[in-house]
Every structure is written in C-alpha cells, then in structure tokens.
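The values are calculated or read from the model by the stated rules, or taken from the named source; none is laboratory data. Source: prediction; values computed, not measured. Virtual Cβ from ideal backbone geometry, glycine too; neighbours counted across all protein chains shown. Remember, those area values only see protein heavy atoms, side chains included, never the ligands or the DNA or RNA. Shrake-Rupley method; radii C 1.70, N 1.55, O 1.52, S 1.80 Å.
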Amino acid sequence: MIILEDITMDEFKKYLKQTRTIVFPFGTVEEHGSHLPVKTDTFIIYEALKRIKKKVFLAPPVYYGVCTTTKHHPGTINITPRTLRHLSYDIVKDAYKKGLRNFLLISGHGGSMHMSALKETAEKLMEELKGIKIAAFSPYDLLWKELSDIADTENDSHAGEIETSMILYLAPELVKGRAKEEYPRIPKPFVQKDYTKFWKGGVWGNPKKASAQKGEKAIKIIVDKISDIVKEIEKKKK
Ligand SMILES: [Zn+2]
C-alpha cells in the first residue's frame, strides 16, 4: 500500500500515474471494555489495510465514528451521522479533484447508523461524480460467518473474543488483562437515556477465549478479502 500520510507531493504525482485507487479507513473512538483501548476499531482496520500487498493509496484513518449503545460509556467520543456523512463526502470529493477515481470506504466499526452514513455518502457521490467506482463496507458484514467460525464463543461481538484476539496479534502490549464475559440485554425497541445501565462492562462476548493465533487468522481473512476487492476495483478500466 502507498501510505498517503508518509509521502510527498512529488511521490503522490508519481504514484498517481500507477493507480487511481484510494482506500479510506474509518474507525471510532469507543470504549472496548476494561481491557482494550478506545482506538480498537480504527487500529485494527488501519493495521489490516497496511498489510495488503497492492500499490494503491491508503489514506490516514478517520478516527471518529458513530456509536450508539456505547456512546455513554467512559472513553467514547462520539460524532453524529450527519458529521460523518459530511466528512466522508468532503474527503472523497477532494481526492477526486486530485485525480483519484476508485474509492473504498472501509470501516473497522460495523454499527448500523455509522455504516448507513458511509453508504449514503457512497450513493450520493456515485450520482454526482463522473467516472468513479465506490464501495462502503465493513469487513465484519462481508465476513460474518468466516470470523464467527474462528470464535469459540457464540454471538461474539464488541470487544469480545475476536476483537481481543486481533489486538493480541497486532499489538499485545495494548491488551490490559481480560474483561469478564458479558452479554448485555438492552431493552428493545425503546431508545435509552443511558445504555451503561444495561451494559456495565462494555463487552459483548468472552475476551478470555481470545488468543493471538485466532487474531492472526482473523486478520488474514480480512486482508485476503479486501485484497480481492482492491484487485476488482483496479481491474475495470475507464
Ligand atoms: Zn470494535
């Protein structure tokens, strides 16, 4: 990958002759239990994308994202879907002005409001910009089954077995012990003033079952899948 934040103006011009594709990583600043850092979603996706062996641009990650049930927990710093729509719209449009034509908006956070904001942006830009290809997705949506197969825990999710495993593999020094197993019961269908009442530990799943080996497998599955998508978006000539 061509790490955009590390290159110069001249290098940008040179690489633009080789590729018109740019990948934008999106994450969150969000609590991930008492054992994982708030940058977990952003860190995992940016690190996975860096491991892709393709000569396309990799933009600096957008750290802030839209959280819902974790938005009251300590450490979460949230933005609204409106802000995410505007921010993602602006950066893709400006990359277009700089000559880029293929855009992948890839999120390390799979929350539904967060994802719908990114997908809305993609739909809008497709209508407005000529000659582009664009996709907005989270690998967790595409690879739900494959990733669930790695976990021993059923219904593993936020800060659980798989996310903890991936951080153990990528940066074990960031893991502070292991939070307790937890499966919150958030009342439905009503919106809550304070979700922390129903979700004390901020974990969904069992972090104690995590291992670096499982994390390595999960990262490999994500890297392979996104590599295929990059190949596909690069293939079609305009
Ligand atoms: Zn997460």
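From the alpha carbon centroid of the stretch 1-55 to that of the stretch 189-238 is 16 Å. The angle separating the long axis of helix 40-50 from the principal Cα axis of greatest extent in the chain is about 40 degrees. Accessible surface calculations at 1.4 Å, restricted to protein heavy atoms, place the chain at 52 Å² per residue. Residues whose amide H lies under 5 Å from that of Leu58, counting only those 5 or more places away or on a different chain, are Ile2, Ile3, Leu4, Val23; hydrogens are built 1.01 Å from N in the peptide plane. Stretching Glu120 away from Asp10 to a fully extended chain increases their span by 36.3 nm, per 0.36 nm per residue minus the current alpha-carbon distance. Across the stretch 110-198, the convex hull enclosing all Cα atoms gives 173 Å³ per residue.
Quantify how much of the Cα-Cα distance distribution of the stretch 1-125 extends past 21 Å, in percent. Taking all Cα-Cα pairs of the stretch 1-125, the fraction more than 21 Å apart is 41 percent.
Taking the protein heavy atoms of the stretch 2-235 in the context of the full set of protein chains, the accessible area attributed to carbon and sulfur is 54 percent at 1.4 Å. Here the chain is scanned for GluC sites (Glu not before Pro) in DSSP loops (not H, G, I, E, B) that have at most 16 other Cβ atoms within 10 Å, and the longest stretch holding none of them is 1-153. The calculated FRET efficiency for the pair Ala171 and Ser112, based on their C-beta separation and a Förster distance of 22 Å, comes to about 0.20. Which shape class, rounded, prolate or oblate, goes with the stretch 139-182 when its Cα gyration tensor gives a ≥ b ≥ c as root eigenvalues, a/c under 1.5 marks rounded, and past that a/b bigger than b/c marks prolate? Oblate, because a/c is 1.5 or more while a/b does not exceed b/c. Calculated mean residue ellipticity at 222 nm for the chain: -13000 deg cm²/dmol, from DSSP H runs with n ≥ 4 weighted as -39500 (n - 2.57), summed, divided by the residue count and rounded to 500.
Between the Cα long axis of helix 161-170 and the first principal axis of the chain there is an angle of about 60°, rounded to the nearest 10.
What shape does the stretch 1-72 take by its C-alpha gyration tensor, where a ≥ b ≥ c are the square roots of the eigenvalues and a/c under 1.5 counts as rounded, a/b above b/c as prolate, and the rest as oblate? Taking the square roots of the gyration eigenvalues as a ≥ b ≥ c, the stretch 1-72 is prolate. With every protein chain in place and a 1.4 angstrom probe, the accessible-area ranking of Lys14, Lys200, Lys193, Lys231, largest first, reads Lys193, Lys200, Lys231, Lys14. Residue ranking by accessible heavy-atom surface, 1.4 Å probe, largest first, among Arg20, Arg51 comes out as Arg20, Arg51.
Given their separation in residues at 0.36 nm each and the Cα-Cα distance between them, Met1 and Leu142 gain 48.6 nm when the chain is fully extended.
Distance between the pseudo-spin-label points of Ser34 and Lys55 (7 Å out from Cα toward the beta carbon): 5.1 nm. Convex hull of alpha carbon positions in the chain: directionally averaged projected area 13.0 nm². If R0 equals 22 Å, the separation of the Cβ atoms of Asp94 and Ile186 corresponds to a calculated FRET efficiency of about 0.05. Applying 1/(1 + (r/R0)^6) with r as the Cβ-Cβ distance of Thr80 and Glu234 and R0 = 35 angstrom yields a FRET efficiency of 0.55. If both residues of a DSSP beta bridge must be in the stretch 2-235, then about 15% of such bridges are antiparallel.
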